[in-house]
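Enquirer: Here it is, the structure, as structure tokens.
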Amino acid sequence: MSWNQSFDRWLPVDSFGLLANYTRVIPTKVAIGTGFTVRNLSKNTANITPYWENRLFSLRLSANYRSSYEQNGADSFFATEGHTVRARTQFDLSAGFTPTDYLSFAAGVINLNNSREEAYYNNNPSIWQESSFYGRSFYLSATLRM
């Protein structure tokens, strides 16, 4: 399910809006040798992105949520007996400037809140098994359209 809403009708200033997306899946586990189980699949994922943009500028802040999911040794070295990666929320920020029809610039921060992945042994949250920390990532880009 997704939703894109402009707030131009309700706000005295144009160019504000909101993007939202929600996905729910129901992963099915099967016994070994009887079929295929899709791993790395969260039951719930959602993101919400308020934005402001006009012909020259754009600014977006996205909140991205992913519920817990299971992994095994094929997905992670530390998951030989299986583990569950905890749910987490990550924030991303992006800005853009388009001075002409041919030239644009973008900048952003991925994982603004330094969210980290943590996994625990199978279905026991009290047994820590792995942490992954990617930190913040920054990017700058320039695009020339010919």
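Enquirer: Within segment 113-144, can you find the residues that are free of Cβ contacts under 8 Å to residues at least 40 places away in the same chain and of a type in the set (A, V, I, L, M)?
Expert: Ile127, Leu140, Ala142
Enquirer: Right, next: Within segment 108-129, take every residue that is among the hydrophobic types (A, V, I, L, M, F, W, C) and either within 14 Å of Gln71 (Cβ to Cβ) or in contact with a Ser or Thr (Cβ under 6 Å, 6 or more places away or on another chain) (or both) and give me the one that is surrounded by the most Cβ atoms within 10 Å (Cβ to Cβ).
Expert: We begin by selecting, within segment 108-129, every residue among the hydrophobic types (A, V, I, L, M, F, W, C); these are 109-110, 112, 119, 127-128.
Next cut, either within 14 Å of Gln71 (Cβ to Cβ) or in contact with a Ser or Thr (Cβ under 6 Å, 6 or more places away or on another chain) (or both) only: 110, 119.
Values: Ile110: 17, Ala119: 23.
Filtering segment 108-129 for residues that are among the hydrophobic types (A, V, I, L, M, F, W, C) and either within 14 Å of Gln71 (Cβ to Cβ) or in contact with a Ser or Thr (Cβ under 6 Å, 6 or more places away or on another chain) (or both), the one surrounded by the most Cβ atoms within 10 Å (Cβ to Cβ) comes out as Ala119.
Enquirer: The conditions are (1) under 27 Å from Ser137 (Cα atoms); (2) modelled with pLDDT of 90 or more; (3) not β-branched (Val, Ile, Thr), and Gln5 fails exactly one of them. Which is it?
Expert: (1)
Enquirer: Please go through segment 68-100 and give me each residue that is modelled with pLDDT of 95 or more and in a loop (DSSP other than H, G, I, E, B), ordered by number.
Expert: Matches in segment 68-100: Thr98, Pro99, Thr100.
Per-residue answers, yes or no, for (1) in contact with a Gly (Cβ under 6 Å, 6 or more places away or on another chain); (2) not in a strand (DSSP E or B):
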site: Ala107; (1), (2): no, no
site: Asn113; (1), (2): no, yes
site: Glu118; (1), (2): no, no
site: Asn123; (1), (2): no, yes
site: Tyr139; (1), (2): yes, no
site: Ala142; (1), (2): no, no
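Enquirer: Hey, another quick one. Search segment 81-103 for residues being crowded, with 17+ Cβ neighbours inside 10 Å and among the hydroxyl-bearing types (Ser, Thr, Tyr), and hand back the single one that is nearest to Val38 (Cα to Cα).
Expert: Here the answer is Thr84.
Enquirer: Report, ordered by the first and then the second residue, all pairs with beta carbons closer than 6 Å, sequence separation of six or more or different chains, a first member in segment 26-45 that is closer than 8 Å to Glu70 by Cβ and modelled with pLDDT under 80, and a second member that is among the polar types (S, T, N, Q) and outside any loop (DSSP other than H, G, I, E, B).
Expert: What qualifies is Arg39/Gln71.
The values are calculated or read from the model by the stated rules, or taken from the named source; none is laboratory data. Everything numeric in this text was worked out from a predicted model, so none of it was measured. We place every Cβ from the backbone using ideal geometry, glycine too, and count neighbours over all the protein chains shown.
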